[in-house]
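Note sheet for the following structure.
We did not get these values from a lab; they are worked out from the coordinates using the rules stated. This is a predicted model, so every value here is computed, not measured. With ideal geometry, Cβ positions are generated from the backbone for all residues, glycine too; neighbour counts draw on all protein chains shown.
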């Protein structure tokens, strides 16, 4: 019925056939052309460009149904994809997440910035006191200039990464309590957003990574994987970010225990896909159970996923109201735990690459016996990872007290006095 199926995604064709003439949200990728050329093409067809996405050489646009057919005929257009929705990935519950062992070893994420691509970040006191560590904010939903979060999901994620426990006197502390946060709002007040807004957010992170020293990007969101990661626009975006030195950590999804349920962009082999386990009743890490909701692999490309597990059941973190706290569950909560660990690794060694960071986590994980399409390499082990990269605490040099200082002076003058007497004796001998 439609002769351009190799160019136009099936979902676009479905929307086209059921359309009543309304504009269709699409992402148009180009081959051998620039975003400006794609923008002109859209405008010539009566469409409206929403975002220019040079990160993946594409534009997001609203085009009329007849425009879909026309744009598919353009030689420079490689793919027309539906600009589908992405959603936060969570369930609800309660627990404390801390990183005392890492903190005792001098690793707190200080100087490292984590970009939280989510529903925004509320300026909770755990992120702003005694120093405001929300050092950047951009809003692709409502275009506001100051940090806020009308859903609360992004604030909870940011707290797991970098909350310092100020409002709870240290009880609810994140993994990297001295790390900086950049909020990138791409989800609305209901926790949903378009693929193109997410890609625009990733683009912004890449463009501003040097300005804010962004080393890690955490994304507790996703959409159903419909194709190979090589063709998926979200995967193309996060792959570009990883290629430019940003460790990208993504939630695997909450569609378990069914197989082949890993979401996009977690299906990409170039990022860290995080599944969730329940450590609340485990006597030790090896006894942790996989969370039923945690998505399983393999991916459409046959890749084993997730890459790693982290606690994701009953995680207590920041609320977007009154500097309070609340508990949530999901791979959304497991993901920032891994992102916080990445910040610790970058503090310890700023020269790490995203692949080296991923390898360190995988190498130091604890297998739970579920297999690679359920647990990946296993449960992330913060202690083992820190012991590998920074095996012993670095004690501060002891400060000298006044007695020590005086003793040092006495020793100096004692030596000086000894040489003085030798010189006197030599002079006497010469005179005689």
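What spacing in nm lies between the two simple spin-label points modelled at residue 44 and residue 387, each 7 Å away from Cα in the Cβ direction?
That separation, rounded to one decimal, is 6.5 nm.
Across 5 Å bins from the origin, how do the percents of Cα pairs in segment 40-181 run, short distances first?
Pair shares across the bins are 2, 8, 15, 16, 12, 10, 9, 8, 7, 6, 4, 2, 0.
What's the exposure ranking of 231, 74, going from fewest to most Cβ atoms within 10 Å? List each step's numbers first, then the result.
On the way: 231 15, 74 18.
Placing the least packed residue first, the sequence is 231, 74.
Run through all the Cα pairs of segment 10-83 and give the fraction in each 5 Å bin from 0, expressed as whole percent.
3, 19, 33, 27, 13, 4, 1
Give me 35, 341 ranked fewest to most by other Cβ atoms within 10 Å of their Cβ, as a rough exposure proxy. Can you show the working numbers first?
Values: 35 19, 341 31.
In order of increasing Cβ crowding within 10 Å: 35, 341.
Between segment 108-177 and segment 279-353, how far is it from one alpha carbon centroid to the other, in angstrom?
So the separation of the two Cα centres works out to 17 Å.
Determine which residues of segment 43-58 fall in the zone a paramagnetic label at residue 143 would reach in this model, i.e. backbone nitrogen under 15 Å from the point 7 Å along Cα→Cβ.
Zone members listed by number: 49-52.
Quick one: the Cα spread of segment 298-387 along its three principal axes, in angstroms, biggest first?
43, 32, 24
Report the far tail of the P(r) of segment 87-389, meaning the percent of Cα-Cα pairs longer than 31 Å. Please list the in-between numbers first.
Working: 7405 of 45753 pairs.
Value for segment 87-389 (Cα pairs over 31 Å): 16 percent.
Restricting everything to alpha-carbon atoms, can you work out Rg to Rh for segment 137-220 with a Kirkwood hydrodynamic radius?
Rg divided by Rh gives 0.98.
Given R₀ = 30 Å, what would the calculated FRET efficiency be for residue 207 paired with residue 70, taking r from the Cβ atoms and rounding to 0.05? If you can, show how the numbers build up before the last one.
On the way: r = 31 Å, r/R0 = 1.05.
According to the calculation, E is roughly 0.45.
What Kirkwood hydrodynamic radius, in Å, does segment 174-284 give when the mean of 1/r is taken over all pairs of distinct Cα atoms and then inverted?
Details: mean 1/r = 0.0663 Å⁻¹.
Value: 15.1 Å, from the Cα pair sum.
Can you give the extra length, in nm with one decimal, that the chain gains between residue 243 and residue 292 once fully stretched, where that is 0.36 nm per residue apart less the Cα-Cα distance?
Working: separation 49, 0.36 × 49 = 17.64 nm, distance 3.29 nm.
Between residue 243 and residue 292, full extension yields 14.4 nm more.
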